[in-house]
Amino acid sequence: MDLETKESMKHCDGNATDEFIKTEVQKSIAAGSSDSFWVTDLSRVIERYQQWQECFPTIRPFYAVKAQNNAPIRMLLKSLGSGFDCASLNEIRDVISSGVNPEDIIYAHPYKQVSHLKEALKLGLISVCDVPSEIFKVGKTAEELGVRPRVLIRIIPVLGETVDKFHMNAKFGAQYETVGEISKAAKEARVDIVGVSFHVGSPCHSSKVYGDTLIMARRWWDALEEEGFSLSVLDIGGGFPGEGGELFKQYSRDINLFLQKSFGDIIMEGIRVIAEPGRFMVTSSQTLVTSVIASKGPRSFVLSTGVYGGLSNTIFEPDQARACKPYKINLGSIDEGVKQGHENGHVNGLRNGHTNGHENGYGKEKGLALWGPTCDGTDVLMPGYTIPDLETGDWVAFPNQGAYGSMTMSSFNGFDLPEIKFVKL
Ligand SMILES: Cc1ncc(COP(=O)(O)O)c(C=O)c1O
């Protein structure tokens with residue numbers, strides 16, 4: 001992407017999304033379609049990338065492509081200078097097909113299928129391990145290929161009192177007590193340990209978790225160097241808030257201080273600090289646009305997509321779903337429509353999320369019951385939404401759904417996956 005294009009991208013403002021949504025809805029209506037669709041506005045990704053650079057000038061982002069994986073996002077982030085975090089062979093292939101150099105990719109999944117690992121090793125990617133058995137797998141596979149593998153040791157995050165909110169530590173991360181056996185395995189398997197990584201959980205609700213985990217990462221770093229490994233990469237993972245803005249600024253101020261405290265001396269010596277932000281980069285870039293296909297009764301409506309489709313976030317990302325302020329799309333004049341949409345969203349928005357909905361029982365909320373189109377009775381969305389006066393044929397937008405939303409959809413019951421449309425830059 002040339003500089004001129006980048007420059008013009010910078011000047012895209014939020015209204016472009018609203019105008020685009022309205023035009024696309026009008027096109028759908030004209031074509032007799034009530035299918036849901038996604039709208040992706042890449043200018044939002046540029047804003048986020050710029051904010052990252054301002055707040056973390058010395059930490060290179062390796063975008064966690066799992067958050068939203070499509071060619072325009074990959075190509076944009078590559079052009080801006082991002083690296084990529086991949087978890088599977090298909091993600092690696094996607095990123096390579098966008099012209100990304102292998103040295104700008106990290107294969108960040110601690111548990112790998114051998115077929116995926118082989119390709120990653122052939123490309124020379126750094127991978128991640130947290131147990132001796134995987135280190136042996138990497139070593140054996142690399143030996144068969146005649147290559148020397150490099151790995152980061154993924155350590156368990158120090159969650160403290162926030163432990164109940166995070167799930168990642170149940171699945172991934174080495175305990176400090178295993179540093180000896182991990183070192184021994186790496187030496188035996190001829191695997192070069194070149195750094196330490198962690199992932200605090202997604203999303204992370206406390207910057208302190210980064211601080212405490214960085215202290216632990218430094219213990220690991222020193223112990224591994226003592227074992228004879230030469231470390232050069234510190235990977236602080238993802239988990240940065242999808243909201244961006246002031247919250248992100250606060251996180252970055254804290255994390256920069258924590259980094260200085262724990263790693264300042266060796267950062268001065270030139271180690272590389274990288275991160276794997278996913279949701280931070282893309283949450284604000286995508287809006288789900290859906291239509292009301294039927295009315296079940298007063299204040300109870302069926303949408304053209306649901307928890308098995310574009311709104312799977314309701315289950316997988318309840319925080320993001322709760323924070324979303326859906327609004328009815330007003331097809332009057334653009335200004336009026338946008339204004340009313342935003343007012344409906346912000347003023348009446350989401351009162352209770354999916355969790356509350358479940359706790360309180362479907363249909364008992366005073367707000368709106370919104371059902372997905374499948375035959376499954378659990379295909380119901382956040383009954384607490386209070387969008388006034390919907391009727392069959394209306395269109396509703398769910399903004400800020402860019403992280404994981406379009407990645408976890410299925411076509412259960414034969415409903416088409418919502419198409420992704422891109423706002424022209
Ligand atoms: C290893 C790893 N890195 C990065 C991420 C991205 O996290 P987030 O989207 O919260 O930034 C994830 C997602 O869970 C992950 O598992």
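The values are calculated or read from the model by the stated rules, or taken from the named source; none is laboratory data. Please read these numbers as outputs of a predicted model, since none were measured by experiment. Note that we place each Cβ from the backbone using ideal geometry, even for glycine, and neighbour counts take in every protein chain shown.
Here ALA120 fulfils each of the conditions (1) surrounded by 20 or more Cβ atoms within 10 Å (Cβ to Cβ); (2) in a loop (DSSP other than H, G, I, E, B) apart from (2). The set of residues from the range 30-69 being within 18 Å of the chain's Cα centre (by Cα), within 16 Å of the ligand (Cβ to nearest atom), over 24 Å from MET409 (Cα atoms) and part of a helix (DSSP H, G or I) comprises ARG48, TYR49, GLN51, TRP52. For GLU246, state whether it is acidic (Asp, Glu) and either more than 28 Å from the chain's Cα centre (by Cα) or under 23 Å from ARG74 (Cβ atoms) (or both). Answer is no for this residue.
Return the only residue of SER183, SER206, SER202, SER197 being touching a helix residue (DSSP H, G or I) at 6+ places or on another chain (Cβ under 6 Å) and of a type in the set (Ser, Thr, Tyr).
Working: SER183 fails: touching a helix residue (DSSP H, G or I) at 6+ places or on another chain (Cβ under 6 Å); SER202 fails: touching a helix residue (DSSP H, G or I) at 6+ places or on another chain (Cβ under 6 Å); SER197 fails: touching a helix residue (DSSP H, G or I) at 6+ places or on another chain (Cβ under 6 Å).
Among SER183, SER206, SER202, SER197, only SER206 is touching a helix residue (DSSP H, G or I) at 6+ places or on another chain (Cβ under 6 Å) and of a type in the set (Ser, Thr, Tyr).
As for the range 229-236, it holds no residue that is among the hydrophobic types (A, V, I, L, M, F, W, C), assigned to a helix (DSSP H, G or I) and either within 12 Å of the ligand (Cβ to nearest atom) or farther than 18 Å from ILE59 by Cα (or both).
Identify all residues within the range 70-95 that are part of a helix (DSSP H, G or I) and surrounded by 17 or more Cβ atoms within 10 Å (Cβ to Cβ); write none if there are none. Explain how you work it out, then say what you get.
Applying the first criterion (part of a helix (DSSP H, G or I)) to the range 70-95 yields 71-80, 89-95.
Of everything in the range 70-95, those that are part of a helix (DSSP H, G or I) and surrounded by 17 or more Cβ atoms within 10 Å (Cβ to Cβ) turn out to be ILE73, ARG74, LEU76, LEU77, LYS78, SER79, LEU80, LEU89, GLU91, ILE92, ASP94, VAL95.
Scanning the range 107-117 for any residue that is away from the ligand (no atom under 16 Å from the Cβ) and more than 24 Å from MET407 (Cβ to Cβ) turns up at least one such residue. Scanning the range 273-306 for residues that are away from the ligand (no atom under 15 Å from the Cβ), charged (D, E, K, R) and out of contact with any Leu (no Cβ under 7 Å at 6 or more places or on another chain) yields a single hit, LYS296. Can we say PHE240 is within 16 Å of the ligand (Cβ to nearest atom) and either surrounded by fewer than 22 Cβ atoms within 10 Å (Cβ to Cβ) or not aliphatic (A, V, I, L, M) (or both)? Against the criterion (within 16 Å of the ligand (Cβ to nearest atom) and either surrounded by fewer than 22 Cβ atoms within 10 Å (Cβ to Cβ) or not aliphatic (A, V, I, L, M) (or both)), PHE240 qualifies.
Whether any residue in the range 284-291 is farther than 19 Å from ALA403 by Cβ and part of a strand (DSSP E or B) is what I want to check. Don't jump to the end; show me each part of the working.
The initial filter retains those residues of the range 284-291 that are farther than 19 Å from ALA403 by Cβ, namely 291.
Those left that are additionally part of a strand (DSSP E or B): 291.
The answer is yes; a qualifying residue exists.
Looking for something in the same structural domain as TYR111 (by TED's automatic domain parsing), touching a residue at least 40 places away in the same chain (Cβ under 8 Å) and farther than 30 Å from PHE316 by Cα - is there at least one such residue anywhere in the range 150-164? Yes.
Only one entry in GLU225, GLU246 is over 25 Å from LYS66 (Cβ atoms), away from the ligand (no atom under 16 Å from the Cβ), of a type in the set (Asp, Glu) and loosely packed, with under 13 Cβ neighbours inside 10 Å, namely GLU246. Please verify whether the range 99-106 includes one or more residues that are crowded, with 20+ Cβ neighbours inside 10 Å and in a helix (DSSP H, G or I). Taking every residue of the range 99-106 in turn, none turns out to be crowded, with 20+ Cβ neighbours inside 10 Å and in a helix (DSSP H, G or I). Restricting attention to the range 404-425, the residues being in contact with a Phe, Trp or Tyr (Cβ under 8 Å, 6 or more places away or on another chain) and among the acidic types (Asp, Glu) number 1. Taking every residue in the range 46-67 that is farther than 21 Å from TYR404 by Cα and modelled with pLDDT of 95 or more and pairing it with any residue that is more than 14 Å from the ligand (Cβ to nearest atom) and among the aliphatic types (A, V, I, L, M), at least 6 positions away or on another chain, the pairs with Cβ-Cβ distances below 6 Å are ILE59/VAL273.
Checked against (1) out of contact with any strand residue (DSSP E or B) (no Cβ under 7 Å at 6 or more places or on another chain); (2) among the hydroxyl-bearing types (Ser, Thr, Tyr); (3) in the same structural domain as ASN313 (by TED's automatic domain parsing), SER79 passes all but a single condition, namely (3). Within the bounds of the range 264-273, is there any residue that is at pLDDT 95 or above, part of a loop (DSSP other than H, G, I, E, B) and out of contact with any Lys or Arg (no Cβ under 7 Å at 6 or more places or on another chain)? Yes, the conditions are met somewhere in the range 264-273.
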